[in-house]
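Below: one structure, written as structure tokens.
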Amino acid sequence: MDSLLSSSQVDIKEFLRPVLFGLAEEDLDELAQAAVLWSFPPGVAICQEGEPGDAVYVIVHGCVDVIKRLDDESERHLYRAGPGELFGEMAILQEGVRTATVRAAEPTTVLEIGQEPFLTVLGRSPSLGVRILVRVTGRLRDADQQSIAELSQANEELTRALRKLERLDRTKSDFIQVSAHELRTPVASLLGYAQMMQDNPTVQGIPGLRVLVEGVVASTERLHRVFNSILDVSRLMTGGLQIIRSPVGIPVIFEGIQLQFEGAIEERNLALELVGLEDLPICSGDPDLLYKVFYHLVSNAIKYTPDGGRVTVVGRTVEMPDLGQCVEVAVEDTGIGIAPQDLDLVFEKFYRTGEVALHSSGTVTFKGGGPGLGLAIARGAVLAHGGRIWAESPGYDEETCPGSRFVVQLPLAAEL
Ligand code: ADP
């Protein structure tokens, strides 16, 4: 940049007069004396964001772009200023660093006035103070309007992206639902044939064959269960699951569950204890769905507890400020526990903690992970009943087995 010191002080004073009108003659003289004329080629920064601000500038001719650096290293154009306009006053007033970069947009000449003479004159001249105040508030208002416009545009883009994601999610859910439905039908008949083969006297009479057929039946049953779970979860997610309410006794549900896991509990030398269930009032709910909720919780408690451990189911009635009177059922185990960061995530569909590849498979074998749907189904079903479900655990440790506790609260207010 070149200093155009050749310009006379008289010229500068006459240039500043209309720009800073209302100033006393001696103030104009003082500013004109302090002012230095500079010219800049296009693209050169006249002042740089982050640097200390020690002067104000008045554009003589040409124009400048005021630019703000954003966090992602991109730039935002704040405004363009032309002849007679002032810039750089904000940093001076706040005695701070420049909050924006000012760049010449074309060959530009500016008057630079140092901080000290400018502040001295400003202290003496209320009219200059008011003019600067008006300018600064005007810029703030412009910046506000620009931010609001950008925010609403960003909001529109986000809304469009959200709609697209929702459409994709629906397509994915539809695909999962249709595939699970289509696959479940042949698997159901496969299971029927395999069970018929299992009952066949010839198969029964050949031990080697019987073991093979039992293997086919067990695997097909598992496949059938997985497809049913996928269907349940996709219906719960898409609101396609109808709740058919009737009076439900929690102890009856647990009688069925106890019977279902009897063999596994004995085989794995576990203890299943039911506490306080008999005293629970009758709830209003969908018996099939509620059965699934507690089936998955007990199945998990068994799966994630080492042999010789204990699963305790505790029932009680509680009064909650938001849900009113509720039946609360907690399924506690002495198993491997859950890390704090996983306590909410375990309820996501297809979510499984730890190394997925290391999971064995089985409904009751220790760490015999499933497809990661049980808790998603449980949560969907509890929410559909207007209740809530959450997990508690001191942490995950396969050595010390701190245990987990899954709590379900079902409001009793729902009509029977
Ligand atoms: P999965 O079919 O894998 O059991 P779930 O949705 O039932 O799927 O559970 C999701 C994950 O939550 C499991 O893979 C397991 O890591 C964790 N989890 C669920 N219940 C327990 C529990 N009682 N103890 C420890 N971890 C559990």
Exercise. List the extent of the Cα atoms of the range 1-110 along each of their three principal axes, largest first, rounded to whole Å.
Key: 47, 29, 20
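Please report the net charge: other residues with Cβ closer than 12 Å to the Cβ of Asn228, K and R +1, D and E -1. Before the final figure, lay out the partial values.
Details: positive: Arg184, Arg222, Arg225, Arg235, Lys292; negative: Glu221, Asp232, Asp288.
Cβ neighbours under 12 Å give a net charge of +2.
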Self-check item: Cα-only radius of gyration and Dmax that characterise the range 206-261, units Å
Solution: 16.9, 49
Self-check item: HN-Hα J in Hz across the range 142-148 - Karplus 6.51, -1.76, 1.60, θ = phi - 60°, x for Gly and Pro
Solution: 4, 5, 4, 4, 5, 4, 5
Exercise. Report the semi-axes of the equivalent ellipsoid for the chain in whole Å, largest first, where each axis is √(5λ) for an eigenvalue λ of the Cα gyration tensor.
Key: 78, 24, 20
Quiz item: Which residue fluctuates the most in the chain, going by a Gaussian network model with Cα springs under 10 Å, if the choices are Ile338, Ile59, Ile257?
Solution: Ile59
Exercise. Would you mind computing, in nm to one decimal, how far apart the modelled labels at Arg225 and Thr171 are, each placed 7 Å from Cα along Cα→Cβ?
Key: 3.4
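Between Ala384 and Gln258, how high is the FRET efficiency from 1/(1 + (r/R0)^6) when r is the Cβ-Cβ distance and R₀ = 22 Å? Nearest 0.05.
Details: r = 25 Å, r/R0 = 1.12.
Efficiency at R0 = 22 Å is approximately 0.35.
Rounded to the nearest 500, what is the 222 nm mean residue ellipticity of the chain from helices alone, with -39500 (n - 2.57) per DSSP H run of 4+ residues and division by all residues?
Details: 10 runs with 193 residues, N = 416.
-16000 deg cm²/dmol, from helical runs alone.
Using a Förster radius of 25 Å, what is the FRET efficiency between Thr185 and Ile243 based on their Cβ-Cβ separation? Nearest 0.05, please. Each step should come with its number before you reach the end.
Working: r = 25 Å, r/R0 = 0.99.
According to the calculation, E is roughly 0.50.
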Quiz item: Taking springs between alpha-carbon atoms closer than 10 angstrom, which of Ser219, Ser404, Ser173 fluctuates most in the Gaussian network model of the chain?
Solution: Ser219
Quiz prompt | For the chain, with +1 on Lys and Arg beta carbons and -1 on Asp and Glu, the positive-most of Ile338, Gly205, Ser284 along the dipole | solution = Gly205
Quiz prompt | For the chain, accessible area per residue (1.4 Å probe, heavy atoms of protein chains only), Å² | solution = 54
Quiz item: How much accessible surface does Asp344 have with a 1.4 Å probe, in Å² rounded to 10?
Solution: 120
Exercise. For the chain, find the longest principal axis of its Cα atoms and tell me its angle to the long axis of helix 115-124, 0 to 90°, nearest 10.
Key: 80
Exercise. Mind counting lysine pairs for me in the chain? Cα separation below 30 Å, and the two need to be 8 or more apart along the chain or on different chains.
Key: 12
Quiz item: From the phi of every residue in the range 227-234, what ³J(HN,Hα) in whole Hz does the Karplus formula 6.51 cos²θ - 1.76 cosθ + 1.60 yield, where θ is phi - 60° and glycine or proline is x?
Solution: 4, 5, 5, 4, 5, 4, 5, 5
Quiz item: Residue by residue through the range 93-108, which ³J(HN,Hα) values in whole Hz follow from phi under the Karplus form 6.51 cos²θ - 1.76 cosθ + 1.60 (θ = phi - 60°), with glycine and proline marked x?
Solution: 5, 8, 6, x, 8, 5, 9, 8, 9, 10, 10, 5, 8, 8, x, 10
Practice problem: Just the ratio, please: alpha-carbon radius of gyration of the range 44-171 over 2.2 N^0.38 Å, N its number of residues. | Solution: 1.37
Quiz prompt | Share of carbon and sulfur in the accessible heavy-atom surface of the chain [1.4 Å probe, %] | solution = 56
Quiz item: At a Förster distance of 30 Å, what's the computed FRET efficiency of Asn200 paired with Asp307, Cβ-Cβ distance as r, to 0.05?
Solution: 0.30
Practice problem: Please give the solvent-accessible surface of Lys367 in Å², to the nearest 10, using a probe radius of 1.4 Å with every protein chain present. | Solution: 70
Quiz item: Over the heavy atoms of Met197, what accessible area does a 1.4 Å probe trace out, to the nearest 10 Å²?
Solution: 100
Exercise. For Ile243, Ile336, Ile282, write out the residues from largest to smallest accessible area, computed with a 1.4 angstrom probe and no ligands counted.
Key: Ile282, Ile243, Ile336
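Just add up the charged neighbours of Cys326: K/R +1, D/E -1, any other residue whose Cβ is under 11 Å from the Cβ of Cys326.
Values: positive: Arg316, Arg388; negative: Glu319, Asp322, Glu328.
Around Cys326, the surrounding residues sum to -1.
The values are calculated or read from the model by the stated rules, or taken from the named source; none is laboratory data. The structure presented is a predicted model; accordingly, all values stated were derived computationally and were not measured. Cβ sites come from the backbone with ideal geometry, for glycine too, and all protein chains shown count toward neighbours. All accessible areas refer to the heavy atoms of the entire protein, side chains included, with ligands and DNA or RNA removed. Shrake-Rupley method; radii C 1.70, N 1.55, O 1.52, S 1.80 Å.
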